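Report on one structure; see the data block that follows.
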Amino acid sequence: MAEEDIIRAKKDRLNWFKEKGIEPYPAKSPKGEDISKIIEKFQKQGEFETSVTGRIVALRRMGKASFGVVFSNFKKIQFYIKRDDSPENYDIFKHLDIGDFVFIKGKVFRTKTGEITVHTYKLKLLAKSIRVLPEKWHGLRDEETILRKRYLDILTNENSRKTFILRSKMITEIRKFLNERGFFEVETPILQNIPGGAEAEPFVTHHNALDMDLYLRIAPELYLKRLIVGGFEKVYEIGKNFRNEGISTKHNPEFTMLELYMAWADFEDVMDLCEELIKSVAEKLNVSTIDVKKPFKRVSILQTLKEKTGFDFSDGVDLEKLKQTAELLGVQLDDEKTPSKIFENVYEQSILSKIDEPVFLVDFPEEFSPLAKTYPNKKVAQRFELYIKKMEIANAYSELNEPEKQSAHFQTQVRKNPQKKVDKDFIEALEYGMPPTGGLGIGLDRLLMVLLDLDSIKDVIIFPHLKPR
RNA sequence: GAGCCCGUAGCUCAGUCGGUAGAGCACCGGCCUUUUAAGCCGGGUGCCGCUGGUUCGAUUCCAGCCGGGCUCACCA
């Protein structure tokens, strides 16, 4: 039977209810007892009367008596219904389909094969389904359908469901961790006039009434630092960033970031906090992918390169020296690249390539870190990036709070890319004075990937971006 | 954006060295009052991703396109 015919058959049964004067999509719903509670209670006290609401996920009809399975709150319980108990109820039952939502009232008992079952004596339709759910045994396997029809994925695949439950728990635990330490949660603009705080291509949108283009934020950084200027000494934001670039197993055009800023702290204080935060979350989620006993490694990029090649970039980056470094280390450089890209390739291929465990890379050249403070008399940023399984998870600095220097860095960026604009308002905020501040950004999608040992960002984003069909 | 792989029924999957397809679940009809991947008897769903080409004949071979996966690039 073709899908169309199946849908027609289901609609026929839907109409049967209508013709009987039974509303197939009632607004009011009776409240059922939680399935896990029913099972618990039965194991303690034996038979009792109960009611359940849920979706029918299996039917075993046997003429004058039948079994089915209802599913609610991701728990299942079997029900039993017999014609002789109530021919009216049995008539309703005969017009139900897998996928329908029902209310069942009955007595909990144990069948002779040992299954805890609700012996139904009242049955009510709560919502009709007119489509075919994925197959009961294999569930939904097709990667594309899983992503496009996530509702069917979480309905049928327990692993997938668990991922998103853990995602929610992860974010809850992060909030708890930060709130307990006196951090203040804020929401800053997603629609921005000047997209700043990161090196990325923004999405452009348009405000009709003002007749002006706006940008979806690529980072909340510059706004959060304004709040430090304003006197909030520990602030954080959890929210989406939008970057108009390629999609991959590690990149979704919109992704969730945690950014936090704390006054009276530098990047090393933030490093301790970051490690503590991630270990605490790993413990709370009860995952074994992060060794919470072992301190995270700390590796200086510039020192390592100096040891390996003799080249020292702590007084600035020379493009020729950088290229020679790459060559010496056997780093593959495909085509024309920006110095910062070459540098990234160098440390990724020569330092990170062997390290799977969490590692803080420190000591980045100042010129690749326009928002970070440097060490005195050096061109080395006080910055770290946390890598786990070769994936960048976090990025942090001692925040640059010297307005002139920040302004100069912005102007350099504009010189390199005339599309960019200097955020003068941010500079002005710094001119009022910002205390010494440490800042941190953690990519939460990627953090979850690492915690759950998943290889694709699409597995941790409940509705990842896909091209329209 | 580039390379490689994939796309068969609503779902999970076979298959066709070129003669337009098949199994289980689901679905339809019948039997069945404690089943549980219920069972038994009968039914067989399909622009074989789309568009062209080669061919007497294409779901199969070839090309282009669409969608997905992986790798790379951009980036986080």
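Of the residues A:Arg175, A:Arg110, A:Arg141, A:Arg161, only one is of a type in the set (D, E, K, R) and open to solvent by less than 50 Å² (accessible area, probe 1.4 Å); which?
Step by step, each of A:Arg175, A:Arg110, A:Arg141, A:Arg161 is checked, and only A:Arg161 is of a type in the set (D, E, K, R) and open to solvent by less than 50 Å² (accessible area, probe 1.4 Å).
One line per residue, one yes/no per condition, for (1) over 26 Å from A:Glu158 (Cα atoms); (2) over 34 Å from the mean Cα position of the chain (by Cα):
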{"site": "A:Leu14", "(1), (2)": "yes, yes"}
{"site": "A:Ala27", "(1), (2)": "yes, no"}
{"site": "A:Glu33", "(1), (2)": "no, no"}
{"site": "A:Gln43", "(1), (2)": "no, yes"}
{"site": "A:Gly63", "(1), (2)": "yes, yes"}
{"site": "A:Lys94", "(1), (2)": "yes, yes"}
{"site": "A:Phe101", "(1), (2)": "no, no"}
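For the stretch A:37-92, enumerate the residues that are in contact with a Ser or Thr (Cβ under 7 Å, 6 or more places away or on another chain) and open to solvent by 60 Å² or more (accessible area, probe 1.4 Å).
Once the filter is applied, which keeps residues that are in contact with a Ser or Thr (Cβ under 7 Å, 6 or more places away or on another chain) and open to solvent by 60 Å² or more (accessible area, probe 1.4 Å), the stretch A:37-92 yields A:Arg60, A:Lys75.
From the list A:Glu88, A:Glu144, pick out the single residue that is of a type in the set (D, E, K, R) and either near RNA strand B (Cβ under 6 Å from one of its atoms) or at pLDDT 95 or above (or both).
A:Glu144
Whether any residue in the stretch A:442-458 is free of Cβ contacts under 8 Å to residues at least 40 places away in the same chain, in the same structural domain as A:Lys284 (by TED's automatic domain parsing) and more than 13 Å from RNA strand B (Cβ to nearest atom) is what I want to check.
No; the residues of the stretch A:442-458 include none that is free of Cβ contacts under 8 Å to residues at least 40 places away in the same chain, in the same structural domain as A:Lys284 (by TED's automatic domain parsing) and more than 13 Å from RNA strand B (Cβ to nearest atom).
What are the residues in the stretch A:148-185 that are within 19 Å of the chain's Cα centre (by Cα), in contact (Cβ under 8 Å) with a residue 24 or more places away in the chain and not in a helix (DSSP H, G or I), if any?
A:Glu185
Does A:Lys420 meet the test of being under 30 Å from A:Arg150 (Cβ atoms) and either over 32 Å from the mean Cα position of the chain (by Cα) or surrounded by 14 or more Cβ atoms within 10 Å (Cβ to Cβ) (or both)?
no
Return the total of residues in the stretch A:67-86 being under 42 Å from the mean Cα position of the chain (by Cα) and not β-branched (Val, Ile, Thr).
Residues flagged as under 42 Å from the mean Cα position of the chain (by Cα) and not β-branched (Val, Ile, Thr) within the stretch A:67-86 amount to 11.
Run down A:Asp356, A:Asp363, A:Asp312, A:Asp291 and say which single residue is modelled with pLDDT under 95, more than 12 Å from RNA strand B (Cβ to nearest atom), closer than 30 Å to A:Glu431 by Cβ and not β-branched (Val, Ile, Thr).
Of A:Asp356, A:Asp363, A:Asp312, A:Asp291, the one residue that is modelled with pLDDT under 95, more than 12 Å from RNA strand B (Cβ to nearest atom), closer than 30 Å to A:Glu431 by Cβ and not β-branched (Val, Ile, Thr) is A:Asp363.
Check A:Leu123 against each of (1) out of contact with any helix residue (DSSP H, G or I) (no Cβ under 8 Å at 6 or more places or on another chain); (2) surrounded by 15 or more Cβ atoms within 10 Å (Cβ to Cβ) and name the one condition it does not meet.
(1)
Based on what the data block shows, is A:Phe17 modelled with pLDDT of 95 or more, touching a Leu at 6+ places or on another chain (Cβ under 9 Å), closer than 16 Å to A:His95 by Cα and of a type outside the set (A, V, I, L, M)?
yes
How many residues does the stretch A:106-137 hold that are closer than 23 Å to A:Glu4 by Cβ and within 6 Å of RNA strand B (Cβ to nearest atom)?
So the count comes out to 4.
The values are calculated or read from the model by the stated rules, or taken from the named source; none is laboratory data. Every value quoted in this text rests on a predicted model; they were computed, and no experiment measured them. We place every Cβ from the backbone using ideal geometry, glycine too, and count neighbours over all the protein chains shown. We work out accessible area using only protein heavy atoms, side chains counted, and drop any ligands, DNA or RNA first. Shrake-Rupley method; radii C 1.70, N 1.55, O 1.52, S 1.80 Å.
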